[in-house]
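The values are calculated or read from the model by the stated rules, or taken from the named source; none is laboratory data. If you're wondering where the values come from, they're calculated on a predicted model, not measured in any experiment. Please note: Cβ atoms are built from the backbone with ideal geometry, for glycine as well, and neighbour counts cover all protein chains shown.
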Amino acid sequence: MPVRPPSLRSIAAFDAAARHASFTKAAAELNLTPGAISHAIKALEERLDQTLFERNGRTVALTPAGLTLAAKVRVSLGLLSDAFETTPWRALDRLVVSTTGSIAQKILLPRLGELQASIPAARLDIRTTDALADFDEGIDLAIRFGPGGWRGLQSHKLAEERLVPVVGPTYRAGGRPRNQAELADHILIHHAESGWRLWLDPAQPDPTRTASALFLADQALVIDAAAAGHGVGLVRERLADEELRSGRLVQILDRTVPAEYAYWAVWSASSPKLSLIEAFVEAAAAIFGIELYSTHR
């Protein structure tokens, strides 16, 4: 028998609290009391037998379990919103862009005005998913981190990427690892597309064999978990650029390495919206081409 999901009210309370890192702000958004938000989240924690938020006075922060749940809830709420979308996907005055949550959050949304300005006569519809884009099901353009070379499609490389080991500025009161071997004494935060094997020096001991591990499905979650002090993250420099600039993340072990993949724009050559796609890709390429923060500069 299928497990009955929590109420939408509880899910909305958790999502709002996760986005705002505040029960009070979540309550204001949903027109509820902070007590109602706290009660809803407590019920979710009891149901899952997991602590979702670390509570410190009036501030709250997602635990690793909370970070994982937040990512799944965002995807689920996005699908639910799509189910009630009534505007035709193929409207020629609408550009539907598919990308991942981390690319949308860390790269596209901060420069959303420039992207919208590139297609002034059309509406921009950005959808997030980790699945492959289906150009037969309403997607006009996809922006992905991948190997390139998708058969039967047009593509444009937007940027290369590099991997950087990072921690939060107050991590272990300054007790950061000083070399690769010392990583074995820390929690290593893993992400499938940006694995530690790409960064590690094979001539030195492999710390992943003995180090504690935290596996997260989204690079934005790796960034947030490292910034919150949950371990040492290996992050994509472009996605973490703002956090590195602001000091929310600090690079350790003064070495970066090329990522295995790159960022690509991908679309169908037979699309009736080629003029919109080309204008948007040009604007996106300019955004991805912005000089990155680096401790070496």
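Points to keep in mind about this one:
- When the residues of the range 208-245 are filtered to those that are surrounded by fewer than 19 Cβ atoms within 10 Å (Cβ to Cβ) and basic (Lys, Arg), the one that is nearest to Tyr263 (Cα to Cα) is Arg245.
- Matching residues, the range 132-159, being surrounded by 13 or more Cβ atoms within 10 Å (Cβ to Cβ) and assigned to a loop (DSSP other than H, G, I, E, B): Leu132, Ala133, Phe135, Gly138, Ile139, Asp140, Gly148, Trp150, Leu153
- The set of residues from the range 86-100 being surrounded by fewer than 20 Cβ atoms within 10 Å (Cβ to Cβ) and either at pLDDT 85 or above or of a type in the set (Val, Ile, Thr) (or both) comprises Thr86, Thr87, Asp93, Arg94.
- Whichever residue in the range 9-22 is touching a helix residue (DSSP H, G or I) at 6+ places or on another chain (Cβ under 6 Å) and more than 15 Å from Glu45 (Cα to Cα) and, among such residues, is surrounded by the fewest Cβ atoms within 10 Å (Cβ to Cβ): His20
- Count - residues of the range 66-85 that are in contact with a helix residue (DSSP H, G or I) (Cβ under 8 Å, 6 or more places away or on another chain) and either among the basic types (Lys, Arg) or modelled with pLDDT under 75 (or both): 1
- Candidates Ser7, Ser38, Ser22: the one that is among the hydroxyl-bearing types (Ser, Thr, Tyr) and in contact with a strand residue (DSSP E or B) (Cβ under 8 Å, 6 or more places away or on another chain) is Ser22.
- Every condition in (1) closer than 22 Å to Gly146 by Cα; (2) touching a residue at least 24 places away in the same chain (Cβ under 8 Å); (3) outside any helix (DSSP H, G or I) holds for Leu221 except the one numbered (3).
- Yes/no for Leu188 being closer than 19 Å to Phe280 by Cα and surrounded by 13 or more Cβ atoms within 10 Å (Cβ to Cβ): no
Residues checked against (1) touching a residue at least 40 places away in the same chain (Cβ under 8 Å); (2) part of a helix (DSSP H, G or I):
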| residue | (1), (2) |
| --- | --- |
| Leu200 | no, no |
| Ala213 | no, no |
| Leu234 | yes, no |
| Glu242 | yes, yes |
| Arg248 | yes, no |
| Trp264 | yes, no |
| Pro272 | yes, no |
| Ala286 | yes, yes |
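- Verdict on Pro272 being closer than 13 Å to Arg162 by Cα and loosely packed, with under 15 Cβ neighbours inside 10 Å: no
- The range 163-179, subset buried (at least 17 other Cβ atoms within 10 Å of the Cβ) and within 28 Å of Ile290 (Cβ to Cβ), residue modelled with the lowest pLDDT: Tyr171
- Where a residue in the range 119-135 is assigned by TED's automatic domain parsing to the domain that holds Ala279 and its partner, wherever it lies, is surrounded by fewer than 14 Cβ atoms within 10 Å (Cβ to Cβ) and among the acidic types (Asp, Glu), with Cβ under 8 Å and at least six apart: Ala121/Asp93; Ala122/Asp93; Arg123/Asp93; Arg127/Asp82
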